[in-house]
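S.K.: My questions all concern the structure below.
Just so it is clear, none of the values below were taken in a lab; they were calculated from the coordinates. On a predicted model such as this, the values are computed, not experimentally measured, just so you know. When we count neighbours, we look across all protein chains shown, and the Cβ atoms used for this are built from the backbone with ideal geometry, even at glycine.
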Amino acid sequence: MSAVDDSQPPVLAVTGSTGWLGGLVARDLADRGVAQRLLVRDLSRAPELSGADAAQCSYGDADAAREALAGVETLFMVSAAENEDRLGEHRAFVDAAAAAGVGHVVYVSFFGAAPDATFTLARDHAATEEHLRTSGMRWTFLRDNLYLEFMDHMVGDDGVVRGPAGDGRAAVVSHDDIARAAVAVLLDPAAHAGATYELTGPEALSFGEMADIISEVTGRPVRFHDETLEEAYASRAVYGAPDWQVDAWVSTYTAVAAGELDGVSGDVERLTGRRPTSLREYLEAHPGSR
Ligand SMILES: NC(=O)c1ccc[n+]([C@@H]2O[C@H](COP(=O)([O-])OP(=O)(O)OC[C@H]3O[C@@H](n4cnc5c(N)ncnc54)[C@H](OP(=O)(O)O)[C@@H]3O)[C@@H](O)[C@H]2O)c1
């Protein structure tokens, strides 16, 4: 990796490479010999990848973002870490990309993103999508379902998954599958301009079914408790988190109850040529992953 080389900047910029999803995408692109610019918040943490240079910016820092994106044609944009002003940061970054002359943004959104989505953060994704649609740049939306790897982490120390999800189902999807789908798009962005992909795993599962699968594979007894809304807010009050965050946590489950995370799309397989990994397959392949 080298510092920014203004004489011949890579035409592809990748955000989030210090994290899980963006890291997988950046490594896969490097392995394929694709030149890329890694946009990171801390240069010292940028992964060392062949064909990559790095530039520092955070989404909310418009000047740094414009500079970092100079000469970039396609931008892979991982959604920012949850915070109260995430939407403001996203809008600032999109505006900076448009001002820098970026042609196409591939944005990691959320399954069923809509202004009236039950999951509060899916509303922010919908607003970011709308900002991109009116930005003048081409766009592709990768709407990820819930991350499959987190399901095991939703189990409390007492072996209980708690939330007001009822019998609703979620088509949970792995980071690996999302990253492969993203790379397929980034290798030929023009072919995916204006496309919205719903990235899901191979099956939609209720939390009760997920608890059964975790129990069977890990040998640890796990069960699901369908909380009332009141119970859900009360059981999370101990964390002392701000209201917007507790609303986001609780509405993850109420969105599932409302059927808004249900539905297997087939888009991962269409993009990657591979059937996505199921929760059971993931747990079997990662014993003791928790
Ligand atoms: N579908 C789901 O179930 C689900 C669940 C949780 C989160 N998400 C969303 O999916 C995204 C990617 O997931 P992940 O597992 O790869 O997360 P991750 O491992 O936490 O990585 C997030 C990456 O985004 C970067 N980032 C965060 N905020 C930023 C900002 N304001 N400006 C510039 N860069 C920023 C981080 O940089 P640093 O290393 O500097 O922090 C990191 O590289 C998350 O950021 C979140 O928005 C989805």
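S.K.: Please list the non-local residues whose amide H lies under 5 Å from the amide H of SER79, H modeled 1.01 Å from N, same-chain partners needing a gap of 5 or more.
M.R.: VAL108
S.K.: Let me ask you something else. Run the numbers for THR134 and SER50: contour at 0.36 nm per residue of separation, minus the present Cα-Cα distance, in nm. Each step should come with its number before you reach the end.
M.R.: Values: separation 84, 0.36 × 84 = 30.24 nm, distance 3.48 nm.
Result: 26.8 nm gained on full extension.
S.K.: To the nearest 20 debye, what is the magnitude of the charge dipole of the chain about its Cα centre, counting +1 on the Cβ of each Lys and Arg and -1 on the Cβ of each Asp and Glu? Let's see the in-between values first.
M.R.: Values: 23 positive and 46 negative charges, 126 e Å.
Around 600 debye, computed over the chain.
S.K.: Another question, then. Taking a spot 7 Å from the Cα of ALA195 along the direction of its beta carbon, which residues of region 246-280 have an amide N less than 19 Å from it?
M.R.: Backbone N within reach: 264-277.
S.K.: Return one number: the angle in degrees, 0 to 90 and rounded to the nearest 10, between the long axis of the Cα atoms of helix 175-187 and the longest principal axis of the Cα atoms of the chain.
M.R.: For 175-187 against the chain, the angle is about 30 degrees.
S.K.: Further question: For the chain, what does the helix formula give at 222 nm: sum of -39500 (n - 2.57) over DSSP H segments with n ≥ 4, over the residue count, nearest 500 deg cm²/dmol? Present the calculation step by step, with values, prior to reporting the outcome.
M.R.: Numbers: 10 runs with 109 residues, N = 290.
The helix-only estimate for the chain comes to -11500 deg cm²/dmol at 222 nm.
S.K.: By how many nm would the segment from PHE150 to ASP188 lengthen if fully extended, with 0.36 nm per residue of separation less the alpha-carbon distance?
M.R.: On the way: separation 38, 0.36 × 38 = 13.68 nm, distance 3.01 nm.
The span from PHE150 to ASP188 would gain 10.7 nm if fully extended.
S.K.: Rounded to the nearest 10 degrees, what's the angle between the helix 86-100 long axis and the longest principal axis of the chain, both from Cα atoms, 0 to 90?
M.R.: Orientation of helix 86-100: about 20 degrees from the principal axis.
S.K.: Also, quick follow-up: For MET210, MET137, MET151, which order do you get if you count the other beta carbons within 10 Å of each Cβ and list the fewest first?
M.R.: Details: MET210 25, MET137 18, MET151 22.
By the 10 Å Cβ count, ascending, the order reads MET137, MET151, MET210.
S.K.: Nearest 0.05, what FRET efficiency do ARG27 and GLN245 give at R0 = 22 Å with Cβ-Cβ as r? Walk me through the numbers before you get to the answer.
M.R.: Values: r = 30 Å, r/R0 = 1.39.
The computed FRET efficiency comes out at 0.10.
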